[in-house]
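The values are calculated or read from the model by the stated rules, or taken from the named source; none is laboratory data. For clarity, every value in this text was computed on a predicted model and none was experimentally measured. Using ideal geometry, Cβ is built from the backbone for each residue, glycine included, and neighbour counts are taken over all protein chains shown. Calculation scope for accessible area: heavy atoms of the full protein, side chains included, ligands and nucleic acids excluded. Shrake-Rupley method; radii C 1.70, N 1.55, O 1.52, S 1.80 Å.
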Amino acid sequence: MAEAGTKLSLDQKVQTIRDGFEAFKRGDLKRVAELFTEDAVWHGRGSTKFGGDFKGKEALMGNMAQFAQTFQDIRLDIHDILANDKHVVALVNSSVKRDGKTYADQQTFVFHVTDQGKTTETWVVSDTEQLKKSLES
Amino acid sequence: MADAGTKLTPQQKIEMARKAIEGTSRGEVNPEGFAREAVMRGSLMGEIKGRDAVVAALKKIPTMFEEFRQQPHAILADNDHVVALINLKVKSGGKTVEAQQVMVVHTNDQGQVTELWAMIEPEALKQIQKR
């Protein structure tokens, strides 16, 4: 993380997001939480419990923890991460298991990241119909 | 379109993508922007293979609705991908659906599209398709 007043380069922002995914994958939610501002917002899609807006770090981390508890063998393979001044976009090949079934998806995560490397907003574009189906089984 | 052998910069790819998206909303699609073996995978049209078929599909999409407008919110690019975050507005049957669309594009060094994914959130897509 950059020190206060230090502006991250685009490559550093990309690395910050990559670090976040790696931390999630090893179950280090404490590290993931450090990468969000206190007032960060997570915009989930769809009509499941993971859809809607989760406002504040506590709410979005709660959502993330619940996701991790709902599914097994969560795989998030980063295909690419791109960045410009305002956005970082991660293209992710994902798969999760639930009740013995595997659900694969190609997801896009869009992040707003501050110059100090903290995420303020996240949007997830994914197959929410499949997510709904996986929760009904 | 860059000359053969000319490698486009990410910024050049972004500008090309912006013009292409603006053109597509008007039903204007330049076939030279696509590689001969281009593939499109989209929420609205399924998988389409080959330049001619992709171009025809992209020209057809706006005609399927009373209004079809794609407004780029941001376009990002690196050496491998161009990603466009798009605010989509579709009007059909007198009703308007607004959705966020993500386009992920693979290009060759000449900036021609080799693969294109166009994703719309499924709930919004269902609203669009039932009109």
Helix-only estimate, please: 222 nm mean residue ellipticity of the protein assembly as shown, summing -39500 (n - 2.57) across DSSP H runs of length 4 or more and dividing by its residues, to the nearest 500. -9000 deg cm²/dmol
If each Cα of chain A is one equal point scatterer, what is log10 of I(q)/I(0) from the Debye formula at q = 0.13, 0.16 Å⁻¹? -0.53, -0.81
In nm, to one decimal, how far is the modelled label at A:ASN93 from the one at B:GLU123, with both set 7 Å along Cα→Cβ? 2.9 nm
Compute the helix-to-body angle for A:57-70: its Cα long axis versus the longest principal axis of chain A, expressed 0 to 90° and rounded to tens. 30 degrees
Does anyone have the angle between helix A:10-25 and the longest principal axis of chain A? Alpha-carbon axes, 0 to 90°, nearest 10? 40 degrees
What do you get when you divide the Cα radius of gyration of the stretch B:10-129 by 2.2 N^0.38 Å, with N the number of residues? 0.99
Compute the distance in nm between two label points, each set 7 Å from the Cα along the Cα-to-Cβ direction, one at B:ASN79 and one at B:GLU22. 3.0 nm
Interchain or long-range residues, amide H under 5 Å from B:PHE34's placed H: B:VAL113
Provide the gained length on full extension for the span B:GLU32 to B:LYS59, in nm with one decimal, where the gain is 0.36 nm per separating residue minus the Cα-Cα distance. 8.3 nm
If each part is reduced to its alpha-carbon centroid, the stretch A:91-121 and the stretch B:84-99 end up apart, in Å, by 25 Å
Calculated FRET efficiency, A:LEU76 and A:THR120, Cβ-Cβ r, R0 25 Å, to nearest 0.05? 0.75
Roll a 1.4 Å probe over the protein heavy atoms and report the accessible area of A:VAL96 in Å², nearest 10. 20 Å²
Under Karplus coefficients 6.51, -1.76 and 1.60, residue-wise ³J(HN,Hα) of the stretch A:99-112 in Hz, glycine/proline x: 6, x, 9, 9, 10, 9, 7, 10, 10, 10, 10, 10, 10, 9
Once you put a point 7 Å from the Cα of A:LYS25 and another 7 Å from the Cα of A:ALA68, both along the Cβ direction, what distance in nm separates them? 1.5 nm
Taking the stretch B:1-61, which GluC sites (Glu not before Pro) meet the DSSP loop condition and have no more than 16 other C-beta atoms within 10 Å? B:GLU28
A correct Kirkwood calculation over the Cα atoms of the protein assembly as shown returns a hydrodynamic radius in Å of 19.6 Å
